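Q: Starting off with a structure, shown below.
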Number of protein chains: 2
Amino acid sequence: MSDTRTNAGVDNISTYKKLTTWEVPGERAVALLGAGNLATTQALISRLDERTKIPDERNPSLLQAPTMFQLATLVGNELRQVIAEQSSAANGPDSATQMDPTYGATMILAGQIAPGVPTVFMIYPEGNFVEVSDDTPFFQIGETKYGRPILLRAYDRDMSFDDAIRLMLISFDSTIKANLSVDLPIDWCVYENDSYAFESRGRIAIGDAYFNSLSSQWGEALKEAVASMPAFRRTDP
Amino acid sequence: MSDTRTNAGVDNISTYKKLTTWEVPGERAVALLGAGNLATTQALISRLDERTKIPDERNPSLLQAPTMFQLATLVGNELRQVIAEQSSAANGPDSATQMDPTYGATMILAGQIAPGVPTVFMIYPEGNFVEVSDDTPFFQIGETKYGRPILLRAYDRDMSFDDAIRLMLISFDSTIKANLSVDLPIDWCVYENDSYAFESRGRIAIGDAYFNSLSSQWGEALKEAVASMPAFRRTDP
């Protein structure tokens, strides 16, 4: 799941899709989400799509990597290269700032390539990456903090896809309420293991009746939850 | 309210009081909370206490400022000066980094000086400051994001002191669960308008039975609140 708000200052905001998917039915399904410099993430996706190459040089390696690990390596290398090139262009080739944070981006790569298992990687601007595990079952990138407490408290690995989407919407709502840099529309997609195709995908648009209802009911439920907590008494703490 | 965790990296954590109060019964009561570089905030408090001066030069201006606004100006000027001096000592007097963020700190100054009204200021490293208002009724400094959504949702200007403390503890708990840089003990104090003395103060220690109960019940209440939200259905969003 990803929001679509991008900003270069509060008076320069736009809507861009930050969730890209690739599928080869029966063989691979891959989703890539980006946070950070939009020019960097768009350049990365164009390179992965090989749209920058002339037709007879096209070699869509994203669709040829034999494993998710090799794909994460490939995406990480491309990401680092894009950032290094943009940093060099901005600061000069001999600059000490070879990885200028201004041009940085962090990615989440998720999916499955047959016959491997489905997995998720978080890829850093330096090109290295970490993988989900039983102990760290989800990743967040971008403006992560406001929405994190509810994920830590309410995520359950046995929850249904629908319940997971609802929880993620609540998490995004917490961020949207606190921060101008995240906003609807929200894109989401669901991948079921060993299906090699995204089972469903959708967009929660601005004004979406379900999201508005969720947001206002969530606000009420939180107030009620606070009121139901054991009372604090200053005289007898 | 303030936590007491300070860190210089995850393997160098300590407990320090970050909440300091001064009182002149019947005339003024002032609380100062700091976030940022601990050496900066401690130097600031020492200067405000005038402990750096020889006895016959002592002039505890903090206890002489005639208004909260003038006190905020004084604290802001001292803060900026401490940061500038530490930056200059570290980077050289001619450095372009006259206000090195490494030595930065942000303060909350709250209290009342007779015959003025009680108020709260947030003071920036540059020495300037903003004041609470009906639209912005509270301030957070330091690791603010994890704990902010619940404050935005559940704060009510008519809530009792005890309910406000409970809400702040829930907010701190959200941060503690997500982040190593904030932890118990938590210090708090309560000031009642026109009392010119802190009505009560206390510390929630590690292992505090009330806090543990609050934290676990809050986790359960959040899960129940999520479960009570309207269901998301992929087929009919």
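Q: What per residue convex hull volume, in Å³, comes out for the protein assembly as shown when only alpha-carbon positions are used? Provide the component values of the computation, followed by the final result.
A: Working: hull volume 85.4 nm³, N = 474.
Output value, Cα hull per residue: 180 Å³.
Q: Taking the axis that carries chain A onto chain B, what is the nearest Cβ in chain A, and at how many Å, to the whole number?
A: Its Cβ sits closest to the axis: A:Lys145, 2.
Q: Put the label 7 Å from Cα along Cα→Cβ for B:Asn7; what are its distances to the other copies, in nanometres, shortest first?
A: 2.6
Q: Here's a follow-up. Note down, for the stretch A:189-229, the three equivalent ellipsoid semi-axes (square root of 5 times each alpha carbon gyration tensor eigenvalue), biggest first, whole angstrom.
A: Over the Cα atoms of the stretch A:189-229, the semi-axes work out to 32, 16, 4 Å.
Q: A further question on this structure: Report the FRET efficiency, 1/(1 + (r/R0)^6), for B:Asp49 and A:Glu50, where r is their Cβ-Cβ distance and R0 is 60 Å, rounded to 0.05.
A: On the way: r = 66 Å, r/R0 = 1.10.
Rounded to the nearest 0.05, the efficiency is 0.35.
Q: A:Leu151: net charge of surrounding residues, Cβ under 14 Å, Lys/Arg +1, Asp/Glu -1, itself excluded?
A: Values: positive: A:Lys145, A:Arg148, A:Arg153, A:Arg157, A:Arg166, B:Lys145, B:Lys177, B:Lys223; negative: A:Glu143, A:Asp156, A:Asp163, A:Asp173.
Charge balance in the 14 Å sphere: +4.
Q: State to the nearest 20 debye the size of the charge dipole of the protein assembly as shown about its Cα centre, where the only charges are +1 on K and R beta carbons and -1 on D and E beta carbons.
A: Values: 40 positive and 62 negative charges, 2 e Å.
Around 0 debye, computed over the protein assembly as shown.
Q: For each of A:Thr175, B:Thr67, count neighbouring Cβ atoms within 10 Å of the residue's Cβ, then give the residues from fewest to most. It would help to have the intermediate numbers written out before the result.
A: Numbers: A:Thr175 23, B:Thr67 15.
The fewest-first ordering by Cβ neighbours comes to B:Thr67, A:Thr175.
Q: Among A:Tyr191, A:Leu62, A:Ala225, which residue has its Cα furthest toward the positive end of the charge dipole of chain A, with +1 on Lys/Arg Cβ and -1 on Asp/Glu Cβ?
A: Looking along the dipole axis, the top candidate is A:Ala225.
Q: If you don't mind, there's one more thing I want to ask. With +1 on the Cβ of every Lys and Arg and -1 on the Cβ of every Asp and Glu, and nothing else charged, how large is the dipole of the stretch A:145-237 about its Cα centre, in debye rounded to the nearest 20?
A: Working: 11 positive and 14 negative charges, 123 e Å.
Approximately 580 debye in magnitude.
Q: Could I ask something else about it? What are the radius of gyration and Dmax of the stretch B:1-138, computed over its Cα atoms and given in Å?
A: Using the Cα atoms of the stretch B:1-138, the pair Rg, Dmax is 15.6, 47 Å.
Q: Gain in length, B:Leu38 to B:Val117, computed as 0.36 nm per residue apart minus the alpha-carbon separation, to one decimal in nm?
A: Working: separation 79, 0.36 × 79 = 28.44 nm, distance 3.02 nm.
So the extension gain works out to 25.4 nm.
Q: Same structure, new question: Provide, for chain B, the number of lysine pairs with alpha carbons under 28 Å apart, each pair being eight or more places apart or on different chains.
A: 9
Q: At a 10 angstrom cut-off on C-beta neighbours, averaged per residue, how do the peptides A:134-140, B:16-22 rank from highest to lowest?
A: On the way: A:134-140: 12.1, B:16-22: 17.7.
In decreasing order of mean packing, A:134-140, B:16-22 become B:16-22, A:134-140.
Q: Using only the Cα atoms of the stretch B:71-178, construct the convex hull and provide its projected area averaged over every direction, in square nanometres to one decimal.
A: Answer in nm², one decimal: 8.7.
Q: Tell me, rounded to the nearest percent, the portion of alpha carbon pairs in the stretch A:136-180 spaced more than 16 Å apart. Please list the in-between numbers first.
A: Working: 317 of 990 pairs.
Here the long-distance tail beyond 16 Å is 32 percent of all Cα pairs in the stretch A:136-180.
Q: Counting helices only, and only those DSSP H runs with n ≥ 4, report the 222 nm mean residue ellipticity of chain B as the sum of -39,500 (n - 2.57) divided by its residues, in deg cm²/dmol to the nearest 500. Before the final figure, lay out the partial values.
A: Numbers: 5 runs with 79 residues, N = 237.
The helix contribution divided over chain B gives -11000 deg cm²/dmol.
Q: Here's another thing I want to ask about it. For the stretch B:125-237, divide the Cα radius of gyration by the Kirkwood radius and give the resulting Rg/Rh value with two decimals. Write down the numbers at each step before the final one.
A: Working: Rg = 17.2 Å, Rh = 16.6 Å.
Rounded to two decimals, Rg over Rh is 1.03.
Q: With r as the distance between the Cβ atoms of A:Gln70 and B:Ser228 and R0 = 56 Å, compute the FRET efficiency 1/(1 + (r/R0)^6) and round to 0.05. Don't skip to the answer; put the middle values down first.
A: Details: r = 44 Å, r/R0 = 0.78.
With a Förster radius of 56 Å, E is 0.80.
Q: Looking only at other chains, what is the average number of their beta-carbon atoms within 10 angstrom of each beta-carbon in A:170-176?
A: Numbers: counts 5, 2, 0, 2, 8, 3, 1.
Counting Cβ atoms of other protein chains within 10 Å of each residue's Cβ and averaging gives 3.
Q: Any idea how far the Cα center of the stretch B:191-237 sits from the one of the stretch B:159-178, in Å?
A: 6
Q: Tell me, what is the Rg over Rh of chain A, with Rh the Kirkwood radius over Cα pairs?
A: 1.02
Q: Within the stretch B:108-132, what residues put their amide N at less than 14 Å from the label point 7 Å along the Cα-to-Cβ vector of B:Met99?
A: B:123-130
Q: Return the tail of the calculated pair distribution for the stretch A:1-49, meaning the percent of Cα-Cα pairs more than 16 Å apart.
A: Working: 535 of 1176 pairs.
Distances greater than 16 Å cover 45 percent of the Cα pairs.
Q: I'd like the FRET efficiency for A:Asp158 and B:Arg203, computed as 1/(1 + (r/R0)^6) with the beta carbon distance as r and R0 of 41 Å, rounded to 0.05. Spell out each step's value before the answer.
A: Values: r = 39 Å, r/R0 = 0.96.
For R0 = 41 Å, the calculated efficiency reads 0.55.
Bear in mind these aren't lab numbers, they're just calculated from the coordinates by the rules spelled out. A quick note: this is a predicted structure, and the numbers were derived from the prediction, not measured. No Cβ is skipped: glycine too gets one built from the backbone with ideal geometry, and neighbour counts run over all protein chains shown.
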